[in-house]
1. When the residues of segment 207-249 are filtered to those that are outside any helix (DSSP H, G or I) and over 30 Å from Ser337 (Cα atoms), which remaining residue is modelled with the highest pLDDT?
2. If we scan segment 660-668, do we find a residue that is at pLDDT below 75, surrounded by 17 or more Cβ atoms within 10 Å (Cβ to Cβ) and not assigned by TED's automatic domain parsing to the domain that holds Arg563?
3. Looking at Ser136 and the list (1) under 30 Å from Ala188 (Cβ atoms); (2) within 26 Å of the chain's Cα centre (by Cα), which single condition is not satisfied?
4. Exactly one condition in (1) farther than 29 Å from Leu59 by Cα; (2) crowded, with 17+ Cβ neighbours inside 10 Å; (3) among the hydroxyl-bearing types (Ser, Thr, Tyr); (4) at pLDDT 80 or above is false for Tyr204; which is it?
5. Having 3 or more residues that are under 17 Å from Asp600 (Cα atoms) is the bar; report the strands (runs of 3 or more DSSP E) wholly within segment 640-709 that clear it.
6. Given Gly317, Gly330, which one is modelled with pLDDT of 85 or more, closer than 19 Å to Gly461 by Cβ and out of contact with any Asp or Glu (no Cβ under 6 Å at 6 or more places or on another chain)?
7. Find all pairs meeting these conditions: Cβ atoms under 6 angstrom apart; at least six residues apart or on different chains; first residue within segment 190-205 and in contact (Cβ under 8 Å) with a residue 40 or more places away in the chain; second residue assigned to a helix (DSSP H, G or I) and surrounded by 11 or more Cβ atoms within 10 Å (Cβ to Cβ).
8. Could you check, for segment 47-69, whether at least one of its residues is among the acidic types (Asp, Glu), modelled with pLDDT of 80 or more and surrounded by 19 or more Cβ atoms within 10 Å (Cβ to Cβ)?
Amino acid sequence: MLQGNALIEIAAILSLATILGIAGQKLRQPLLIMFLATGILVGPSCFGIIADYHQIELLAHMGIALLLFIVGLKLDVNLIRTTGPVALATGLGQIIFTSAIGFAIAVFLDMSLISAAYVSVALTFSSTIIIVKLLSDKKEIDSLHGQIAVGFLIVQDIAAILALVGLTTFGSTVPGKESVLGSSLLVAAKGLGLLGTVALLMRYALPRLTRRLASSQEMLTLFAIAWAVFLSVVGELLGFSKEVGAFLAGISLASTDYRDAIGARLTTLRDFLLLFFFIDLGARLEWSTVNSQVGVSVLFSLFVLVGNPLIVLAIMGAMGYRRRTGFLAGLTVAQISEFSLIVAAVGLSMGHITQETMGLITLVGVVTIFVSTYMILYSGNLYRLLAGPLKLFERRTPYREAAADSLQEGSSVDVILVGLGNYGSALAEYLLRRQKVVIGVDFDPGVLGRWRSRGISVLYGDMGDPEIHEQLPLSKARWVVSTVRSKELNLALVQHLKNRGYGGNVAVTAASQKEADLFQAVGVRVVFRPFIDAAEQAADALTHSMEFLPETVNWPIAFREVRIQSEAAVAGQTIRNIPLRSMTGVSILAISRAGRVYYDPLPDFQVYPGDRLVIMGLPEELKEAETMLNQLKINGDVVSADRFELADLNVSDDSELLGRTLADLRFRQKYGVTIVGIQRGNDQITTVSPLERLLSGDRLLVIGTTGPIERLKREEPL
C-alpha cells in the first residue's frame, strides 16, 4: 500500500520520527541521532518504507540550502578578516595531515593505492550540515570556535569539489578527458565568476530589492527562500556543492537591514526540512557489506574521532589560540561527512573501489557521526576532563585571543558581566549609565568588538572554563553577574568562584522558579528571571495605571503616566534639577520603579531610565511635559508602602476652616495631602493659590497616600 504513494510514505516517516523523537527526549538523547535512526528504520535494511527517494531528497536539499543560507546570513563580513586566515590554515592543514596519515594507514592495511586514496579522501571531510546544526542548537555558531569551524568546513567543501574532480579524472580511460590541472582551473574560474557576480548583486541590486520587498513579510520570506535555493542550484550546476551556493546566498544578504527578520522567520522551516536530510542520510546507508569491515572500521573511526581533533588542536595552538578554542573547534571534524559517502559512491560506480571499501567508508561514517554528536554536545564536560593534558597544545601566551581582550587596570570593578547577548547588553547599558565599572565576558568576537569600540573592558572566554577566572580581577569585583540561561554553566560558575575564594556577590539568570530556588540554595545572592520579571513589571504598570489614574473624576485636571526612555538626556538628575513645573506647570506625583511606587518623591530623588512618572496638570500641559521628560534622563531611591488615592470632600457650614487661606491652614504639612482643585458652585478652580480662602459649600478634590486620606476622612476637620 505504501509503494508509490509519496504522501503515505511521508506520513509514515514523520510518524516514526515523532515517536523516536519523543523516546529520545525521554532518554535524553540528541534528536539528530533519533532522526538518523529513523532513516535507518525506514530504509531498505529494515522496514523498506521508502520506495522513491526523490521526494525525500528534494526536501533534504531544501533544508541544506536554508541551513547554510542562515549561517551565511549571520556572518559578519568584517570577521572574515580575523577568522579567515585561521580557517584557511586549519582547513588546509587538517586536509593535508588527515589525508596523508589516512593514506598511510590504508596502505599499511594492504589496500590498493586507488582504494587507499578514496579512503583517505573520505576520512578528510567533515559534515558541514551536521556541525552547523549542532552548533546552532548549542547557540555556539557565533562563538569564536564556531566561526572558525564554519570557516574551515567551507574550505573543506571547496577542497572536496577539487578532490572529486581529481578522483573522477584519475584512473579514467575515457579518451580526450580533461587533465586534473585543466579541470581544477576550470572550477577555479567558475568560482571566481560566481563570487564576482554575487559581489555585484550585493553592491547594486540586493539592498534595493530587499527594501522594496520589506513592506510585506511574506514576500521578503519568499524571496529569501527562493534566493537560497536558487544559488544552491547554481553552485551545484557550476561544479560546486549546494552548500557553497546557499552559503554565498546568505552572505549576500548579511549586510542588509533585514537579515535578523529573515533568519527568525526561516529557522523553524529549516529545522523541519533538515529532518528529511538526516532521514535520507540514514536510509541510504548500505549495510550489506559492512560485516567483514568491522575491525578495520574501528581503527579508522578512532583515527577520525581522536586524530582529526588533535590535528586541528595542534594547528590552532601553533597559531596562538587557547587550547579550549582549539579543542572545541577540533571536535567539529571528528566525523566523516555525507560528501564522503558521495565520493565513495562515485568511486564504486566508476569501478575504482569495491563493495567492501564502500562498506568500510559507510560503517566509519555511521560510527563517527553517532559518536561525534555526543562529543560535541558534551564538549564542555570533555574539556574539563582533558584540560590538563591539553596544555601541550597551547602557547605560553595565546596571543591571538589575548588580542581580543581589553581588560583595563583599575582600582575596583563593580560588575563582571558574563554574557553580552541581548539581555546582557541591555543590562550593561543601564549599569554604565549609572556610572558603574563593568567588565564584559563573552565568546562572540563581534559582540566584544562592539563593546571594545566604546572603551569598555572585555575578555574573550567562557566562564565554564576554570582558567578564564585567572584573567579576571575577582579580588576587586563587587559582583559577578551571569546573564547566560544555562543551569549547568551557572552552577559551574558558582563552584569555580567558591574554589577561588571569591568573596563578592553573585547574580545569575534562571529560566524557571525551580532553577531560581536551586541557585539560591548554593549561595547566589540575586537571581534574574527575565521573562517572569518582564511580565511582572508589565502587570505592575498596567495595574498601577488602572488603580491610580482616575477615569470618572469630572475635572479639567488630568493625570498621565510617562515612562522615561533609555536615551533620555538628563540621566542622574534629581527632581529639583528637572524644571518641569516652571516650564510646563505640571507636577510629579509619584514614580513607579520595578514594581514599587514612590509617592511624593522628594526634590533630591533621582530618576532612572525605565521609571514611570505619574504627572498631574492641565491636559494640554501633559503632552508638553511628556515630550520634555523624554528629552531628559533619570536615577534614585525613596520608600513608601502606600498608594495614591483621590478624595472629594465638602466644606461644611460650621467648619473651623471657613475663611482661612490655604497658606494659613498649611494643609499639605498638617494633613499630608494636596488640594488639586476646588468646586465652588458652577466654577472649577484648577490652579489653587495659597491665598485662596475656603468658603462654605466648597468641594475640595484632594490627593494623597492612603493613610493621610483615611485620617482626613475620620477627623473631618471640614
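1. We begin by selecting, within segment 207-249, every residue outside any helix (DSSP H, G or I); these are 214-216, 238-241.
Now narrow it down to the ones that are over 30 Å from Ser337 (Cα atoms): 214-216.
On the way: Ala214: 80, Ser215: 79, Ser216: 84.
That would be Ser216.
2. Among the residues of segment 660-668, at least one is at pLDDT below 75, surrounded by 17 or more Cβ atoms within 10 Å (Cβ to Cβ) and not assigned by TED's automatic domain parsing to the domain that holds Arg563, which makes the answer yes.
3. The single condition Ser136 does not satisfy is (1).
4. In the conditions (1) farther than 29 Å from Leu59 by Cα; (2) crowded, with 17+ Cβ neighbours inside 10 Å; (3) among the hydroxyl-bearing types (Ser, Thr, Tyr); (4) at pLDDT 80 or above, Tyr204 misses (2) alone.
5. Values: elements: 644-650, 673-680, 683-685, 699-705.
Output list reads 644-650, 673-680, 699-705.
6. On the way: Gly317 fails: out of contact with any Asp or Glu (no Cβ under 6 Å at 6 or more places or on another chain).
The match here is Gly330.
7. What qualifies is Val198/Leu248; Val198/Ser252; Met202/Ser252.
8. Of the residues in segment 47-69, the ones among the acidic types (Asp, Glu) are 52, 57.
Subset that is modelled with pLDDT of 80 or more: 57.
Cutting the leftovers down to surrounded by 19 or more Cβ atoms within 10 Å (Cβ to Cβ) gives us none.
No, there is no match, as no residue in segment 47-69 is among the acidic types (Asp, Glu), modelled with pLDDT of 80 or more and surrounded by 19 or more Cβ atoms within 10 Å (Cβ to Cβ).
The values are calculated or read from the model by the stated rules, or taken from the named source; none is laboratory data. Worth saying up front: this structure is predicted, and the values here are computed from it rather than measured. Virtual Cβ from ideal backbone geometry, glycine too; neighbours counted across all protein chains shown.
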